[in-house]
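A.B. asks: Encoded as structure tokens, here's the structure I'll be asking about.
The values are calculated or read from the model by the stated rules, or taken from the named source; none is laboratory data. Quick caveat, the model's predicted, so the values are computed rather than measured. FYI the Cβ positions are ideal-geometry reconstructions off the backbone, even for glycines, and counts take in every protein chain you see. Accessible surface is based on the protein model in full, side chains and every heavy atom, while ligands, DNA and RNA are left aside. Shrake-Rupley method; radii C 1.70, N 1.55, O 1.52, S 1.80 Å.
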Amino acid sequence: MNYDELLAFASRHIFYVIALVGITLALGYTEIVRLFRPFKALRPAALTALINRENALVVDFSAINDFEKGHIPGSKNVVFSQFDPDNKVLANAKALPVVAVCRNGQASEGAAKRLKAAGFEHVYWLDGGIAAWQQAELPLVKGR
């Protein structure tokens, strides 16, 4: 295939070309944003290693009733609507690794950004949230 054939194809199928360019730009943008975000994403296995090796503080931003249904052992619950990086649960943890967790990973990503902006040194985010933790067949604790 030469350049003239490629140009002829593109002119006949303009919508496919526009879709391809749009998808390529969107993927490029999301990868660049992920590369430069101020916190690190973790998978469940990496989180267990971080908890065991560096005594990481796991902060669960789930609603209280969701937290009571099941949470990562040792995690602390902070309701996202009442989240303040200067919260008493987090006050002494600025030098510790802090991992933001929620049910599916969406709310905790925003919390991780706020923690980093508040001066926390080592901020992590559980990619996929509690759902990823359960999919990895890791234990959850029920109750408070």
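A.B. asks: Quick check on this structure: which one of Glu54, Glu68 is touching a Gly at 6+ places or on another chain (Cβ under 9 Å), open to solvent by 70 Å² or more (accessible area, probe 1.4 Å) and among the acidic types (Asp, Glu)?
C.D. replies: Glu68
A.B. asks: Quick one: Val59 ticks every box in (1) open to solvent by less than 20 Å² (accessible area, probe 1.4 Å); (2) part of a helix (DSSP H, G or I) bar one, so which box is it?
C.D. replies: (2)
A.B. asks: Follow-up. Regarding Ala112, is this residue at pLDDT 85 or above, open to solvent by less than 10 Å² (accessible area, probe 1.4 Å) and in the same structural domain as Gly128 (by the TED database)?
C.D. replies: yes
A.B. asks: Is at least one residue of segment 86-96 open to solvent by 60 Å² or more (accessible area, probe 1.4 Å), in contact with a strand residue (DSSP E or B) (Cβ under 6 Å, 6 or more places away or on another chain) and more than 17 Å from Leu47 (Cβ to Cβ)?
C.D. replies: No, there is no match, as no residue in segment 86-96 is open to solvent by 60 Å² or more (accessible area, probe 1.4 Å), in contact with a strand residue (DSSP E or B) (Cβ under 6 Å, 6 or more places away or on another chain) and more than 17 Å from Leu47 (Cβ to Cβ).
A.B. asks: In the list Ile18, Ile23, which residue meets the criterion of being under 24 Å from Gly128 (Cα atoms) and not basic (Lys, Arg)?
C.D. replies: Result: Ile23 is the single residue among Ile18, Ile23 that is under 24 Å from Gly128 (Cα atoms) and not basic (Lys, Arg).
A.B. asks: Do you know which residues across segment 108-124 are within 15 Å of Asn92 (Cα to Cα) and touching a helix residue (DSSP H, G or I) at 6+ places or on another chain (Cβ under 7 Å)?
C.D. replies: Val123 - this is the single residue of segment 108-124 that is within 15 Å of Asn92 (Cα to Cα) and touching a helix residue (DSSP H, G or I) at 6+ places or on another chain (Cβ under 7 Å).
A.B. asks: Would you say Ala46 is modelled with pLDDT under 90 and in the same structural domain as Glu109 (by the TED database)?
C.D. replies: So Ala46 fails the test.
A.B. asks: Going by the conditions given, is Val79 buried (at least 18 other Cβ atoms within 10 Å of the Cβ) and of a type in the set (Val, Ile, Thr)?
C.D. replies: No, not satisfied.
A.B. asks: Could you list, in sequence order, the residues of segment 1-31 that are aromatic (Phe, Trp, Tyr) and open to solvent by 90 Å² or more (accessible area, probe 1.4 Å)?
C.D. replies: Tyr3, Phe15, Tyr16, Tyr29
A.B. asks: Taking segment 100-109 only, how many residues are under 13 Å from Val59 (Cα atoms) and in a helix (DSSP H, G or I)?
C.D. replies: 3
A.B. asks: List every residue pair whose Cβ atoms lie under 8 Å apart, where the two residues are 6 or more positions apart in sequence or sit on different chains, the first residue falls within segment 77-105 and is within 21 Å of Thr48 (Cβ to Cβ) and in the same structural domain as Asp60 (by the TED database), and the second residue, located anywhere, is modelled with pLDDT under 80 and open to solvent by 70 Å² or more (accessible area, probe 1.4 Å).
C.D. replies: Pairs that qualify, where the first residue is within 21 Å of Thr48 (Cβ to Cβ) and in the same structural domain as Asp60 (by the TED database) and the partner is modelled with pLDDT under 80 and open to solvent by 70 Å² or more (accessible area, probe 1.4 Å), are Asn77/Arg144; Cys102/Phe80.
A.B. asks: Quick one: in segment 117-128, of everything that is more than 13 Å from the chain's Cα centre (by Cα) and within 16 Å of Phe80 (Cβ to Cβ), which residue is surrounded by the most Cβ atoms within 10 Å (Cβ to Cβ)?
C.D. replies: My answer is Ala118.
A.B. asks: Take the conditions touching a strand residue (DSSP E or B) at 6+ places or on another chain (Cβ under 8 Å) and either surrounded by fewer than 19 Cβ atoms within 10 Å (Cβ to Cβ) or modelled with pLDDT of 90 or more (or both) and apply them to Ala100. Does it pass?
C.D. replies: yes
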